[in-house]
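> Let me begin by handing over the structure; questions about it come next.
Please treat every number below as a calculation from the coordinates, not as lab data. Keep in mind that this is a model prediction, so the values were computed, not measured. Here Cβ is always computed from backbone atoms with ideal geometry, including for glycine, and neighbour counts include all displayed protein chains.
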Amino acid sequence: MKERIYSIPLTDALNADCGCVMCALEEKLENDAVEYFMGASKMEPEIRIMTNKKGFCRRHLHMMEAAGSPLGLALMLDTHLEELRARLEKKGGRGGLFAAKKNAEAICAELEKIIDGCAVCDKLNGHVFDAAANLVYLWDKEPDFREKLGNSRGLCLPHTLLVLRAAGTELSGKRLDEFVDFIVTAQSEGLEELNGDVNWFTRKFDFNNRDADWKNSKDAVPRAVNKLVKF
Ligand SMILES: [Zn+2]
Ligand SMILES: [Zn+2]
């Protein structure tokens with residue numbers, strides 16, 4: 001039996017009508033994950049071995065920088081930089097024509113690994129996937145949740161992809177078909193309405209429409225941005 005620890009926050013986010021429910025939850029989980037690494041865990045040896053190896057991505061480094069604890073971040077960065085230097089030095093051999101090219105490629109590959117790695121992303125992604133699976137579970141078991149989700153402003157595109165992926169781990173056969181239909185229909189309707197609003201927004205700049213009503217298009221651009229990307 002899987003734990004359904006995200007049922008309450010998902011239901012709360014849906015009742016608060018805050019746009020994509022998964023965005024609302026992921027934003028909270030992301031702050032929790034940043035706090036986790038900035039907190040006591042950074043002094044635990046096994047956590048430090050992991051953060052030394054993986055490092056942090058651009059987004060999460062900036063979040064940790066903004067968390068207002070320069071010493072906490074410095075402690076982690078100190079040992080991470082030490083490990084990073086050792087990893088680059090190991091690739092530093094020199095040689096003839098072919099060896100030089102191989103050496104340059106090895107350094108690029110190692111740098112790519114360092115840049116792509118992030119301890120926060122890895123921790124967060126697992127939790128967010130579990131939350132998406134929990135959303136599918138609530139859709140399956142709670143008619144009230146399903147109805148409210150259908151009447152909500154829907155999910156952003158990245159979370160649509162995630163819940164469809166998670167659905168494959170929760171449902172099968174006819175029920176999976178029903179869920180996919182539910183999500184795709186809701187997204188198609190939502191996108192049609194949004195597209196209409198963005199279209200009317202552009203036409204309002206036509207001189208002939210200067211006195212026409214804005215209808216529902218005044219905030220169409222931020223709504224479109226929130227639909228296309230995560231919070
Ligand atoms: Zn979202
Ligand atoms: Zn990250």
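> Which of the peptides 76-83, 173-180 is most tightly packed, and how do the rest follow, judged by the mean count of other Cβ atoms within 10 Å per residue? Don't jump to the answer; show the numbers that get you there.
Details: 76-83: 15.2, 173-180: 13.2.
Per-residue Cβ counts within 10 Å, averaged per peptide and sorted highest first, yield 76-83, 173-180.
> Now for a different question. Once the Cα atoms of helix 97-116 and of the chain are each reduced to a long axis, what angle between those two axes, in degrees from 0 to 90 to the nearest 10, is obtained?
Helix 97-116 and the main axis of the chain meet at about 50 degrees.
> Rounded to whole Å and ordered largest first, report the semi-axes of the equivalent ellipsoid of the stretch 87-205 derived from its Cα gyration tensor (root of 5λ). Write out the running numbers ahead of the final one.
Values: eigenvalues 402, 105, 31 Å².
In descending order the semi-axes read 45, 23, 12 Å.
> Working out 0.36 nm times the residue gap between D78 and E105, then minus their Cα-Cα distance, what length gain in nm do you get to one decimal? Numbers along the way, then the final one.
Values: separation 27, 0.36 × 27 = 9.72 nm, distance 2.66 nm.
Residue separation times 0.36 nm, minus the Cα-Cα distance, leaves 7.1 nm.
> Explain nothing, just the number: dipole magnitude of the chain about its Cα centre with +1 on each Lys and Arg Cβ and -1 on each Asp and Glu Cβ, in debye rounded to the nearest 20.
Details: 33 positive and 37 negative charges, 199 e Å.
About 960 debye.
> Would you list which lysines come within 19 Å of K218, measuring only between C-alpha atoms, while excluding same-chain residues fewer than 8 positions from it?
K204, K227
> Just to be sure I follow: if Rg is taken over the C-alpha atoms of the stretch 7-203 and Rh is the Kirkwood radius over the same atoms, what is Rg/Rh?
Details: Rg = 22.2 Å, Rh = 20.0 Å.
Rounded to two decimals, Rg/Rh equals 1.11.
> How tilted is helix 157-170 with respect to the longest principal axis of the chain? Cα atoms for both, answer in degrees (0 to 90, nearest 10).
That helix lies at roughly 90 degrees to the long axis.
> To the nearest 10 degrees, how steep is helix 173-203 against the longest Cα principal axis of the chain, on a 0 to 90 scale?
Compared with the principal axis, the helix lies near 80 degrees.
> So if we plug the beta-carbon distance of C18 and R165 into 1/(1 + (r/R0)^6) with R0 = 25 Å, what FRET efficiency do we get, rounded to 0.05?
Working: r = 23 Å, r/R0 = 0.91.
Efficiency, from the Cβ-Cβ distance: 0.65.
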